[in-house]
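The values are calculated or read from the model by the stated rules, or taken from the named source; none is laboratory data. Because the structure is predicted, anything quoted here is derived from the model rather than measured. As a convention, Cβ positions derive from the backbone with ideal geometry for all residues, glycine included, and neighbour counts pool all protein chains shown.
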Amino acid sequence: MNILDTIIARKREEVAERKQGTAVAQLLLSPAFNRATFSLRASLLNENRNGIIAEFKRRSPSKGVINATAKVEDVTRAYAGNGAAALSILTDTDFFGGSTADLVAARFNQLPILRKDFVVDEYQLFEAKAMGADVILLIAACLSPEEVYTLAKKARSLGLEVLLELHAEEELQHINEFTEIVGINNRDLKTFQVDIDRSLRMAAQLPTGLLKIAESGIDQVENVQRFRENGFHGFLIGEQFMKAPDPAIAFQQFVKALHKLSE
């Protein structure tokens, strides 16, 4: 069993436990459930933003602890203040050290927030809406095309946007009319090896009209520039900032260098 299989097996157990603890009817009563959401698509196309989906992540299965002391409020405030197009908040606890509380704590920011987790059940969509998320992640590697369609359609009915994550050519069949934003992960979720050219190789095979996002392993501003030149609108980056002593300063410096490169 690879790491992704292990994560998904545990996630199914976790979702069953959470269903027992909080019914959907209770989630519907959350103050955040009926709030007007922010559009990731609109933010990625906003020329006043830099296209970076800046992530708050404490640890990962491949790297272990990345940052155990950073405060989500401080880091996300800096992300938003320095031009990030959106925020990505890990809510998986067992493998990434995240929580629902992290996303709730970041909700004061006036930006789209992606709930970064392993979605395997419609219940998690209601959870995402109740905690204040604007976007949910669907990972093709752990879902069938039919499951992606069902979950994406339901998410859209709840007012949530969908980021569909691909990492191999055979997953292109997961794209449907409810997945208008597609991320290509440079990291193989089964081996956690990074291939920075993965996004570029697959980009040409995507249907026209989709917003393309490069994910993982982006540690240089030159990478972002290269992706931009190849038609990408978004860049999901987290570890590059979170591994620094002060993620806020790391993000500010990265953005400054990106602006300088673009001049």
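Structural remarks
- When Gly183 is tested against the conditions (1) closer than 25 Å to His259 by Cβ; (2) at pLDDT 95 or above; (3) in contact with a helix residue (DSSP H, G or I) (Cβ under 7 Å, 6 or more places away or on another chain), the lone failure is (3).
- Screening region 55-104 for residues that are surrounded by fewer than 24 Cβ atoms within 10 Å (Cβ to Cβ) and aromatic (Phe, Trp, Tyr) and picking the one that is farthest from Leu163 (Cα to Cα) gives Phe95.
- In region 51-66, the residues that are in a loop (DSSP other than H, G, I, E, B) and at pLDDT below 95: Pro61, Ser62, Lys63
Rundown of residues vs (1) in a loop (DSSP other than H, G, I, E, B); (2) more than 21 Å from the chain's Cα centre (by Cα), yes/no style:
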position	(1), (2)
Glu13	no, yes
Glu17	no, yes
Leu29	yes, yes
Phe33	yes, no
Glu47	yes, no
Ala68	yes, no
Thr76	no, no
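- Matching option when the condition is in a helix (DSSP H, G or I), touching a Lys or Arg at 6+ places or on another chain (Cβ under 8 Å), modelled with pLDDT under 95 and more than 23 Å from Ile113 (Cβ to Cβ), among Leu261, Leu200: Leu200
- Counting only residues that are assigned to a loop (DSSP other than H, G, I, E, B) and under 16 Å from the mean Cα position of the chain (by Cα), region 158-197 holds 7 of them.
- Taking the criterion of being part of a loop (DSSP other than H, G, I, E, B) and either within 19 Å of the chain's Cα centre (by Cα) or among the aliphatic types (A, V, I, L, M) (or both), the residues of region 232-253 that qualify are Phe232, His233, Gly238, Lys243, Ala244.
Residues are listed down the side, and each one gets a yes or a no for (1) within 24 Å of Arg107 (Cα to Cα); (2) in contact with a Cys (Cβ under 8 Å, 6 or more places away or on another chain); (3) surrounded by 21 or more Cβ atoms within 10 Å (Cβ to Cβ); (4) of a type in the set (S, T, N, Q):
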residue	(1), (2), (3), (4)
Phe118	yes, yes, yes, no
Tyr123	yes, no, no, no
Ser157	yes, no, no, yes
Ile196	no, no, no, no
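- Under the condition of being within 15 Å of Glu73 (Cα to Cα), charged (D, E, K, R) and in a loop (DSSP other than H, G, I, E, B), the residues counted in region 92-115 number 1.
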